1. Looking at (1) out of contact with any Pro (no Cβ under 6 Å at 6 or more places or on another chain); (2) closer than 22 Å to C:Asp327 by Cβ, which one does A:Phe56 not meet, given that it meets all the others?
2. Which of the residues that make up the stretch A:280-302 are of a type in the set (Asp, Glu) and either in contact (Cβ under 8 Å) with a residue 24 or more places away in the chain or closer than 16 Å to A:Gln169 by Cα (or both)?
3. Could you list, in sequence order, the residues of the stretch C:76-117 that are farther than 18 Å from B:His189 by Cα, open to solvent by less than 50 Å² (accessible area, probe 1.4 Å), more than 9 Å from chain B (Cβ to nearest Cβ) and without any contact (Cβ under 8 Å) to a residue 12 or more places away in the chain?
4. Suppose we filter the stretch B:47-68 for residues that are surrounded by fewer than 19 Cβ atoms within 10 Å (Cβ to Cβ) and β-branched (Val, Ile, Thr); how many remain?
5. Which one of C:Arg405, C:Arg379 is within 14 Å of chain A (Cβ to nearest Cβ), under 21 Å from the mean Cα position of the chain (by Cα) and not β-branched (Val, Ile, Thr)?
6. Would you pick out the residues in the stretch B:356-373 that are closer than 23 Å to B:Ile310 by Cβ, in a helix (DSSP H, G or I) and within 10 Å of chain C (Cβ to nearest Cβ)?
7. Does C:Gly309 meet the test of being assigned by TED's automatic domain parsing to the domain that holds C:Leu383 and on the phi > 0 side of the Ramachandran plot?
Amino acid sequence: MLSEADNVLLTRTGPGTTMGGVFRHFWQPVALSSELPEPDGAPVRLRVLGEELRAFRTTDGSIGVVAPRCPHRGADLFFGRNEAGGITCAYHGWKFAIDGRCLAMPTMEPGPAREKAEQDVRLRAFPVREAGGLVWAWLGPRDSMPTLPDLEFLTLPAGHVFVSKKLQQCNWAQACEGGLDTAHFSFLHMAVSDAPDVADRLMAKVSSDSDTVRWMRADGAPRFTILEHTVGLVLGAARQADGDDSYWRISQFLMPNHGLAPNAFPGENYHGQCWVPIDDVSCWIYNYTWNPERKLTDAERQRFRNGSGIHAEVDADHVPLRRRENDYLLDRRRQKFETFTGIEGVSEQDAAIQDSQGLIADRTAEHLGPTDMGVIRFRRMILAAARDMAANKPPAAAHQPALYRVRSGGAIARRDVPLRDVMRARFGHDHGLVPSPERRDAAE
Amino acid sequence: MLSEADNVLLTRTGPGTTMGGVFRHFWQPVALSSELPEPDGAPVRLRVLGEELRAFRTTDGSIGVVAPRCPHRGADLFFGRNEAGGITCAYHGWKFAIDGRCLAMPTMEPGPAREKAEQDVRLRAFPVREAGGLVWAWLGPRDSMPTLPDLEFLTLPAGHVFVSKKLQQCNWAQACEGGLDTAHFSFLHMAVSDAPDVADRLMAKVSSDSDTVRWMRADGAPRFTILEHTVGLVLGAARQADGDDSYWRISQFLMPNHGLAPNAFPGENYHGQCWVPIDDVSCWIYNYTWNPERKLTDAERQRFRNGSGIHAEVDADHVPLRRRENDYLLDRRRQKFETFTGIEGVSEQDAAIQDSQGLIADRTAEHLGPTDMGVIRFRRMILAAARDMAANKPPAAAHQPALYRVRSGGAIARRDVPLRDVMRARFGHDHGLVPSPERRDAAE
Amino acid sequence: MLSEADNVLLTRTGPGTTMGGVFRHFWQPVALSSELPEPDGAPVRLRVLGEELRAFRTTDGSIGVVAPRCPHRGADLFFGRNEAGGITCAYHGWKFAIDGRCLAMPTMEPGPAREKAEQDVRLRAFPVREAGGLVWAWLGPRDSMPTLPDLEFLTLPAGHVFVSKKLQQCNWAQACEGGLDTAHFSFLHMAVSDAPDVADRLMAKVSSDSDTVRWMRADGAPRFTILEHTVGLVLGAARQADGDDSYWRISQFLMPNHGLAPNAFPGENYHGQCWVPIDDVSCWIYNYTWNPERKLTDAERQRFRNGSGIHAEVDADHVPLRRRENDYLLDRRRQKFETFTGIEGVSEQDAAIQDSQGLIADRTAEHLGPTDMGVIRFRRMILAAARDMAANKPPAAAHQPALYRVRSGGAIARRDVPLRDVMRARFGHDHGLVPSPERRDAAE
């Protein structure tokens, strides 16, 4: 439960807000690379942290992320021409490079006056990186700009990685909380039928391991252990497994808006998500799946594309087919006889229940319990960063990109083994940090 | 004409408003029984007096009307599972009975801590009654809760009663005023053609009695007499009939939001309406037709279902087919040659003209005349109740449910007979009060 | 660049605003005559300068423009009956003439009381004129009402004139600025292909003269000269033509919201536009084309009707087919290879780029240059009128209707000839004023 003031602090990320200041100290995904498929292609509209932006891939393949309006008379550069090393406003032909320099001001006669004017006018432009199939923009102060976070999927060959994007129709924070709250798996995503064919058919989409599904159904009250580190939280939830064993599902929160999923056993695919506010009542979720050991197969890619796990079934604009306006195509007959929600898809079940908390969840009237420990610690960590921010102290995590190279996943261990030891056994490190490729190469 | 302050006082019924306080001292219809057709069926969303609510019919057939959000993390119970004596939140499986008690909190391990937590958490729940094909909820203070109003249709066998529901796209008060304003019948609902086939065809839908239609067309300035009683108003409007006779159309206003229609002659069907605010710019109208002497025929039910009199032609969500967005399918050719409005249906004509006064009618710029006496007295009565309410004095009508057992209708009488005598002759009582079944049975 | 305060002053025209006061000192087009095609036809809804109005053509063919609500109970007269010399409210039959007099109050019994009531009640009504295929209304103080402006097209036989109307989805002022800004033609409306078939096909729609197109493409930095006169501005833009010649494109601004187009050579059709605010974020543009010397041909009318030059391709409600919601059907392939915008139609290209400046353009962050001289002088002139208005001094232009009889168009002249001389040579008058028919007749 938060005070109204803290709920506002947590959920508002627009220009001038405190949490917006925190977010602007981290590189943010602003588009899929595939949204800008070709040099000199169509400019695209972006909205990030309550700010309108435009992006275009210029002639040499690099990407500009810029203010939406031409500095001349404010015409929208979305209507502009992207050609020959810059974007040209459709109104009067003023042209700008990806770094915002004015390349041409043809409404002035050639000469020194025009040259001076061209030098004096700049289009606001933002630093951009492209990695892991995502376009990343730096919307914060230039003198604080670090390198990209060293997320493992950003450093793998493209064949090892799949990324997708989906619209979430609520505030970023409750969606992020849903990603960190692994207790709900025992309910929201479960089958309700005991008939083997139904359960098998349904749960096969959720997990390849029928034992883990059985353990999750049986134990809805997992025991949480949280390990805090500089750039985030390790969130371990232990459920009763067979005999004396615990089944651990371990997720990661990474400042300020990444979450890594708790399911992967060694050799399986890893999954993560990043919740990027569009405004205070909607966000884009960038979903990334990677396998450090092998390429993803075509069948896997096809499955993710059709909606599977964190990847939703979306239209050409990345809007889920099952969404707020159509009640996620909830089927009450299926809810009665087959699945807990009657909604198709793990991603869509998450979206439905998170959206249902309201456009911005009211955290002043909650009743939190032991399984909400992850949610509580997430709030505590990010609100602390916001309070630092309000005191002009940038987040410590912002300048530790190397510490983002962590994994999360599942493990089975004897009941008395503490999380730290489980982490070491599963990942070789207390926080799941994995060696960078260089170090790995060196070790091989 | 009202002051701006009184217009606000009259029209706002949300939580914390004075008129909202008046409304919350009366049982309110919140759904048709048929919207909750089966035990353990789909939960439904309600919005009443500006409050979001959820309703579900539980395993034993009784109905819960509850707050929309799970007390745990605020997920919407619309997405919940309605089964085995309670509603279960789809997020983490917390389960609640129709009275709001927590039946299960499976995110906690069994034991005393869980038992205590289950006892400490309650879902806000409201008293519910089901009668006359309607679901009634008590949204006010528990210690002021009376029995249901003794409206005659609530006490008759189901075969004698037909109820329907339609969306009205404006504030409740101007719609209620339209129901009490019987003078408009001489205009809004009239045919304009004198050709007998047109007039007969059109007016047959309005009235079974061509004399009364003729009298209404001829006399657009009926003389009003109002009789006030504890729970409402008798509103008599006398038009010139043949010879020395007057044709009386007598309606009833019943606090705070019922109106009984003025047309029924003895033996005919009686009609009433209840305007229940959804918010300040829309309301549900619950329409009830009853015949104390015989069952309604299948043909009558079919006619009402297709739209007739107070019953509109609606879609599966009770939204009229002819509504604000489509200008009520106004046909200008028919307006020129056939009917006063060119809009099909008495209910739809009422809706059109009431909506047309604005989302909330501005009563500060009116020019009221003698035929507006009913409207004036309605405002006076309910504003007096609001002023009492502001002084913490609940409405006197709230605790007189027995006085709601009244009828309204038509009568023909010599011009010099006063309304009180007309009432006694037509209904056997000054205010149209009819004996309760017990008393009637005793008298037989 | 304007201050925020001046931007607000410029763009807000609703009731009670200063610029709204300026506008209300000029006759405003409020409908096409063709929207009220027949006596006793359907009433129509208007919204002008943020005010709701209703219009109807009464039995004798004259037009009423009135307040939207019946003075009795506020029902909307849109639903009223237009017949026999007045509009009758559908609720209770009160009837009003086009001048607002109450013609019947049938809810009162005939007699002196009714006669007095009928005299005491008035519907707010506005003076109306019909000329040039347009309906003009006077929304300002009655004692300041001048005659209609003597725009040439208003005084020609109907065969010489074509008028149309289109919705513009932004504030009036930036749309008007776009009409006065003739520099953009070298960009926004240009072909990008040098292939003769493409350029010819595309530019034939823009201009009948391939030389002028060539000059406009080659010179994007025309030199502006502005001549201010009592009712507006002559805006001359000179581009390099062949040899020592300049190609002049001369437009006119006429207070407060007319613009005349710069293209017509002698004998060609003249074009003008009037931007009439619906509210602060949309306006109707009334487009008028006239030829003083000959009737327009059927082929021309057909071309204008299909969308050509200032005339857009619109639906039955005068909403452009290519509009804000559908990104003006921008075709990126055509933008790359054929036209500067990829949007079909000069009018639609204008709409797209003007809308793109925002619902209300932010003029506090512009970088204006020499080609923006027309825009600058327009703002200066109309803001001066607003400042006078704020000091209760009505605009000088308001009482000079005869000075609106001006033309604009194109001319070719030696480079060293100043605009005033070009005007005299092209139009016979410094400001393009043309003799009135009477004077012309007298001279013949």
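The values are calculated or read from the model by the stated rules, or taken from the named source; none is laboratory data. Not measured: the values here are computed from a predicted model. Reconstructed Cβ throughout: ideal geometry from the backbone, glycine too, with neighbour counts over all protein chains shown. In case anyone asks, the SASA skips ligands and DNA or RNA and just uses the protein heavy atoms, side chains included. Shrake-Rupley method; radii C 1.70, N 1.55, O 1.52, S 1.80 Å.
1. (1)
2. Within the stretch A:280-302, A:Asp280, A:Glu293, A:Glu300 meet the criteria.
3. C:Gly111
4. Residues flagged as surrounded by fewer than 19 Cβ atoms within 10 Å (Cβ to Cβ) and β-branched (Val, Ile, Thr) within the stretch B:47-68 amount to 1.
5. C:Arg379
6. Answer for the stretch B:356-373, where residues must be closer than 23 Å to B:Ile310 by Cβ, in a helix (DSSP H, G or I) and within 10 Å of chain C (Cβ to nearest Cβ): B:Ser356, B:Thr371, B:Asp372.
7. yes
Every residue, every condition in (1) open to solvent by 20 Å² or more (accessible area, probe 1.4 Å); (2) of a type in the set (Gly, Ala, Ser); (3) more than 19 Å from B:Pro68 (Cα to Cα); (4) within 11 Å of another protein chain (Cβ to nearest Cβ), yes or no:
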residue	(1), (2), (3), (4)
A:Val281	yes, no, yes, no
A:Ser308	yes, yes, yes, no
A:Pro320	no, no, yes, no
A:Phe340	yes, no, no, yes
A:Gly345	yes, yes, yes, no
A:Gln354	no, no, no, yes
A:Val375	no, no, yes, yes
